[in-house]
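The values are calculated or read from the model by the stated rules, or taken from the named source; none is laboratory data. Note that the structure is a prediction, hence the values are computed from the model and not measured. In this analysis, Cβ positions are derived from the backbone assuming ideal geometry, glycine residues included, and neighbour counts consider all displayed protein chains.
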Amino acid sequence: MVAMKEVLPKTGPFFMSAFRLIPAGFLLVGFAASKGRRLPSGFNAWLSISAFALVDASCFQGFLAEGLDRTTAGLGSVIIDSQPLTVAILASLFFGESIGYVGAAGLILGVVGLLLLEVPALAFDANNFSLWESGEWWMLLAAQSMAVGTVMVRWVSKYSDPVMATGWHMVIGGLPLMAISILKHDPALSSFDELTTNDVLALLYTSIFGSAISYGVYFYNATRGSLTKLSSLTFLTPMFASVFGFIYLGETFSPLQLVGAFITVAAIYMVNYKTEAQ
């Protein structure tokens, strides 16, 4: 989040999204091939990967970049990583994962936390508020896209190797974002040579570590064990984003948003706690 926030004004949101996905996807495909993992084959394999790409790559990364352009890295990370709340519901509906009474209370508490995170954006200038200009709203859409993608990967893995499929879904999902970037004339397309060494390193970091490695590990593990438990581990991300956002970008939460952040994290823990107990 912090690396993206720093370089985003110089690249444009959709170029950033595409750069996070396409090189990282080819890197992951190459890694999977070197380990002898099979390429996707057949209509069902490519159909599932394409649908996965649209939801988890194109929508998630596009919404994420749009949201990050309008809010802080720390706050954006908290909203993004509220997605385990949605995963818990979907995993219960489709795979019978039980979250119990404590988990259900955590889901309700999570809604309260999200409201506290998002309401300040409306309260500060209610007369001129626009939902589509709200960074928090775009981040919430990104969180839902990631949650649906987390559940979809089990369907995808029925027809393809999960690591290979993850790589291809990044490549395919990045293409629409690059097309939008070209249509919108994102700054990086005309002035890429003006990026500093630190800017290029930030781009490489978001692509290699923030996408290729993290996506590969995350979705490989999403094919086994509890989806709710796995996704709840992402609550650590806001902690790191907030700390580094404060250190490098001077970002702070408003008091109400800080309360909402703690409530959201507590809710995610409650969902995970009940999962472990059972």
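Taken together, the criteria place ALA53 among residues that are touching a residue at least 24 places away in the same chain (Cβ under 8 Å), under 15 Å from SER160 (Cβ atoms), surrounded by 24 or more Cβ atoms within 10 Å (Cβ to Cβ) and small (Gly, Ala, Ser). Among the residues of the stretch 177-193, are any among the acidic types (Asp, Glu), out of contact with any helix residue (DSSP H, G or I) (no Cβ under 9 Å at 6 or more places or on another chain) and over 30 Å from VAL111 (Cα atoms)? The answer is yes, given that some residue of the stretch 177-193 is among the acidic types (Asp, Glu), out of contact with any helix residue (DSSP H, G or I) (no Cβ under 9 Å at 6 or more places or on another chain) and over 30 Å from VAL111 (Cα atoms). Any residue at all in the stretch 62-75 that's free of Cβ contacts under 8 Å to residues at least 12 places away in the same chain and either under 23 Å from SER231 (Cβ atoms) or not β-branched (Val, Ile, Thr) (or both)? Among the residues of the stretch 62-75, not one is free of Cβ contacts under 8 Å to residues at least 12 places away in the same chain and either under 23 Å from SER231 (Cβ atoms) or not β-branched (Val, Ile, Thr) (or both), which makes the answer no.
Give the residues of the stretch 199-227 that are aromatic (Phe, Trp, Tyr) and closer than 13 Å to ALA165 by Cα, sorted by residue number.
As a first pass, look at the stretch 199-227 and keep what is aromatic (Phe, Trp, Tyr): 205, 209, 215, 218-220.
Once the filter is applied, which keeps residues that are aromatic (Phe, Trp, Tyr) and closer than 13 Å to ALA165 by Cα, the stretch 199-227 yields TYR215, TYR218, PHE219, TYR220.
Does ALA45 qualify as being under 14 Å from SER160 (Cβ atoms), touching a helix residue (DSSP H, G or I) at 6+ places or on another chain (Cβ under 6 Å) and part of a helix (DSSP H, G or I)?
Working: under 14 Å from SER160 (Cβ atoms): yes; touching a helix residue (DSSP H, G or I) at 6+ places or on another chain (Cβ under 6 Å): no; part of a helix (DSSP H, G or I): yes.
Here the answer is no, as ALA45 does not meet what is asked.
Listed by position, the helices (runs of 4 or more DSSP H) contained in the stretch 60-134 that have at least 2 residues being modelled with pLDDT of 80 or more, within 26 Å of ILE247 (Cβ to Cβ) and not polar (S, T, N, Q) are 60-68. Checked against the criterion of being part of a helix (DSSP H, G or I) and closer than 16 Å to TYR159 by Cα, the candidates ALA3, ALA24, ALA33, ALA51 yield just one match: ALA51.
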